[in-house]
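What follows is a single structure, written as structure tokens, with notes after it.
The values are calculated or read from the model by the stated rules, or taken from the named source; none is laboratory data. Predicted model, so just to flag it, every value in this text is computed and none were measured. When we count neighbours, we look across all protein chains shown, and the Cβ atoms used for this are built from the backbone with ideal geometry, even at glycine. Note: accessible area is taken over every heavy atom of the protein model, side chains too, but ligands, DNA and RNA are not part of it. Shrake-Rupley method; radii C 1.70, N 1.55, O 1.52, S 1.80 Å.
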Amino acid sequence: MFKLKAENGSNNITGQKLTAIRHKLDISQRQLARMMQLEGYDVDHHFIRRIENGERFVTDIELVVLSKVLKVSIMDLIDNTIPISVQDSN
């Protein structure tokens with residue numbers, strides 16, 4: 001069994017970009033969570049924090065909702081400069 005991670009150990013390649021976009025828009029984690037709730041996605045600020053800290057995997061559905069509420073493209077949320085490694089659990 002293997003697990004995909006960024007080489008820096010992060011569980012996603014979205015967190016750093018999400019933080020930068022959120023700061024640029026001057027939106028708190030709580031405000032972003034509330035924006036997602038208004039779109040019908042049940043999250044809280046801990047959800048945002050865990051993504052930004054790389055503690056949580058991000059689903060395609062979450063990428064769509066984030067891009068919609070932030071009014072950015074999905075590609076704006078993906079940092080394609082972060083190397084990906086495949087780690088074998090054996």
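Summary table
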read-out	value
Hits in the range 14-39 (condition: open to solvent by less than 90 Å² (accessible area, probe 1.4 Å), part of a loop (DSSP other than H, G, I, E, B) and farther than 18 Å from E55 by Cα)	L25, I27, S28
Answer residue from the range 40-85, given it is of a type in the set (D, E) and part of a helix (DSSP H, G or I) and is nearest to E7 (Cα to Cα) among those	E52
Looking only at the range 40-82, and only at residues there that are touching a Gly at 6+ places or on another chain (Cβ under 6 Å) and at pLDDT 95 or above, the one that is least open to solvent (accessible area, probe 1.4 Å)	I51
Residues within the range 1-13 that are of a type outside the set (A, V, I, L, M, F, W, C) and surrounded by fewer than 17 Cβ atoms within 10 Å (Cβ to Cβ), tallied	4
All positions within the range 2-13 that are on the phi < 0 side of the Ramachandran plot and in a loop (DSSP other than H, G, I, E, B)	E7, N8, S10, N11, N12, I13
